[in-house]
Amino acid sequence: MEHALETTLTVNGQRITRRIEPRQHLVDFLREELGLTGSHIGCEHGVCGACTVLLDGSAVRSCLLLAVQSNGREVTTVEGLAPKAGGLHPLQEAFRDHHGLQCGFCTPGMIMASKQLLERNPAPSDAEIRHGLEGNLCRCTGYQHIVKAVRAAAATAGV
């Protein structure tokens, strides 16, 4: 790690300073260095959305970002959505309750993209939900239950 750069970022509300190799991707840093394995590595080309996290509140593909690009910024992963007192975030509950997942591989990315969508549009139509999630691929569900889950979460306060 002779070329590692000191990087300070906030992950799920916790300030972290680490020496990070300049070429390490954010998804690899989150998974390997911090043990936050909710963000999945899918295509590694930014196409599938399985690695989606929030960077300063905006949904980004963590497989396309270098971890050092997060210096001074705030990263939220799917693990960071759950309330501190325990339990699940309303989006996580909605995905569970409305069968918005099957194999679960796309689910963290779908939930993070949904989080951004609902923060920007708290009452989206089904078409707006589909548009907001169009960058996240699911091979199992056909998206019907995902849309239903996002619609249900939108009706819940605190999303």
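Ligands, DNA and RNA excluded, the heavy atoms of R96 present near 130 Å² of accessible surface to a 1.4 Å solvent probe. Just to confirm the filter: which trypsin sites (Lys or Arg not before Pro) across the range 2-39 are DSSP coil and have at most 11 other Cβ within 10 angstrom of their Cβ? Qualifying residues, ordered by number: R23. A Cβ-based charge dipole, computed about the Cα centre of the chain with Lys and Arg at +1 and Asp and Glu at -1, lands at about 240 debye. For the range 103-159, the spread of Cα coordinates along the three principal axes comes to 28, 20, 17 Å, biggest extent given first.
For K148, K115, the ranking by accessible surface with the largest value first comes to K148, K115, using a 1.4 Å probe. Going by Cα centres, the range 102-123 and the range 42-97 are how many Å apart? So the separation of the two Cα centres works out to 9 Å. With a ≥ b ≥ c taken as the square roots of the eigenvalues of the C-alpha gyration tensor of the range 35-128, please select rounded if a/c is under 1.5 and otherwise prolate if a/b is larger than b/c or oblate if it is not? Verdict is rounded for the range 35-128.
Normalised Debye scattering of the chain at q = 0.12, 0.16 Å⁻¹ gives log10 I(q)/I(0) of -0.49, -0.84, counting only Cα atoms as equal scatterers and leaving out solvent. Taking θ as phi - 60° and the Karplus parameters 6.51, -1.76 and 1.60, the scalar couplings of the range 81-86 work out to 7, 4, x, 4, 7, x Hz in sequence order, x denoting glycine and proline. A dipole drawn for the range 8-75 from +1 and -1 charges on Cβ atoms has a positive end, and of L54, L36, V11 the residue lying farthest that way is V11.
Counted residue by residue at 0.36 nm each, then reduced by the alpha carbon distance between them, the extension gain from H131 to T37 reaches 31.2 nm. For the range 68-159, averaging the sequence separation of C-alpha pairs within contact (under 8 Å, six or more residues apart) and dividing by the residue count gives a relative contact order of 38 percent. Restricting the range 89-153 to GluC sites (Glu not before Pro) that sit in a DSSP loop and have at most 13 other Cβ atoms within 10 Å of their own Cβ leaves E134. On full extension, the segment bounded by E119 and S58 gains 21.0 nm, given 0.36 nm per residue less the C-alpha separation.
Only helical runs count toward this figure. For the chain, summing -39,500 (n - 2.57) over DSSP H runs of n ≥ 4 and dividing by all residues gives -7500 deg cm²/dmol at 222 nm. Using a probe of 1.4 Å, the accessible surface attributed to S58 totals some 40 Å² when neighbouring protein chains are kept in position.
Restriction of the GluC sites (Glu not before Pro) in the range 1-75 to DSSP coil positions whose beta-carbon has at most 13 other beta-carbons within 10 angstrom yields E2.
The values are calculated or read from the model by the stated rules, or taken from the named source; none is laboratory data. On a predicted model such as this, the values are computed, not experimentally measured, just so you know. Ideal geometry is used to build each Cβ from the backbone, glycine not excepted, and the neighbour counts take in all protein chains shown. Just the protein is used for accessible areas: all its heavy atoms, side chains included, with ligands, DNA and RNA removed. Shrake-Rupley method; radii C 1.70, N 1.55, O 1.52, S 1.80 Å.
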